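One structure is given here, and the rest of the page talks about it.
The values are calculated or read from the model by the stated rules, or taken from the named source; none is laboratory data. These figures come from a predicted structure and were not determined experimentally. Cβ: placed from backbone, ideal geometry, glycine included. Neighbour counts: every protein chain shown. Note: accessible area is taken over every heavy atom of the protein model, side chains too, but ligands, DNA and RNA are not part of it. Shrake-Rupley method; radii C 1.70, N 1.55, O 1.52, S 1.80 Å.
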Amino acid sequence: MTTDNRTAPPTCGSERDTLRAFLDYHRATLAMKCEGLTDEELRRRPMPPSTLSLLGLVRHMAEVERAWFRRVFEDHDAPMVWSDEIDFQAAYDASASTRDEAFGAWEAEVENSRRIEREAESLDQVGHQPRWGREVSLRMVMMHVLLEYGRHNGHADFLREGVDGTVGA
């Protein structure tokens, strides 16, 4: 990995600014873990039969962003990126994927999620989570997606170490 250019979240700030900053910090962490690797290195799996790879994590997080922002607040019927059904596991198989494909989809979903969050009047804005059949607040969605990034960035540390021997930040 190259130098760490992530912007650290603020130690003090409003709830919304803090959530936004932590979410962007974790998004940048995933990108940093993938930096400088070839498509082949990004597809490398730690051990059979696992399909988990860094590229698979990027693809999965595109699905997470879509499911929790677009499908909750804009279009409950928006199709998933890599699955005709709502199968988050399908994204993990990146065996035929490329950096451009995966990062293109992920970055588009991140920008859409950022737009939805910016346009919301407050964190109390409510949307409908179609998988749960329940109403959820923007605050809950941001926390959930933040936790998804935190969990998967832990996997990314392990996966990156398996590619080039680095230990994660």
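Considering only protein heavy atoms, what per residue accessible area in square angstrom results for region 1-155 with a 1.4 angstrom probe? Before the final figure, lay out each step's value.
Working: 7870 Å² over 155 residues.
That works out to 51 Å² per residue.
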Cα long-axis angle, helix 99-119 against the chain (0 to 90 degrees, to the nearest 10):
20 degrees
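Placing +1 at every Lys and Arg Cβ and -1 at every Asp and Glu Cβ, with all other atoms neutral, what dipole size does region 1-92 have around its Cα centre, in debye to the nearest 20?
So the magnitude is around 300 debye.
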Taking the Cα atoms of region 1-127, report the difference between the largest and smallest coordinate on each principal axis, in whole Å and largest first.
44, 39, 22
So if each residue of separation counts as 0.36 nm, and I subtract the Cα-Cα distance between Glu35 and Glu161, what length gain in nm does that give?
44.1 nm
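Under a point-charge model restricted to the Cβ atoms of Lys and Arg (+1) and Asp and Glu (-1), what is the dipole moment magnitude of region 62-167 relative to its Cα centre, in debye to the nearest 20?
320 debye
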Work out how much length Ala8 to Asp124 would gain on full extension: take 0.36 nm times their residue separation and subtract the Cα-Cα distance, in nm to one decimal.
39.2 nm
Once neighbouring chains are kept in place and the probe is 1.4 Å, which whole percent of the accessible area of the chain is contributed by carbon and sulfur?
50 percent
Among Ala94, Ala62, Ala108, which one moves the most in a GNM of the chain with springs linking Cα atoms closer than 10 Å?
Ala108
Any chance you could tell me what percent of the C-alpha pair distances in region 95-169 go past 19 Å?
55 percent
How many nm is it between the label spots at Arg134 and Ala96, if each spot is 7 Å from the Cα in line with the beta carbon?
3.7 nm
Per the helix-only model, the chain has a calculated mean residue ellipticity at 222 nm (DSSP H runs of ≥4, -39500 (n - 2.57) each, divided over all residues, rounded to the nearest 500) of -17000 deg cm²/dmol
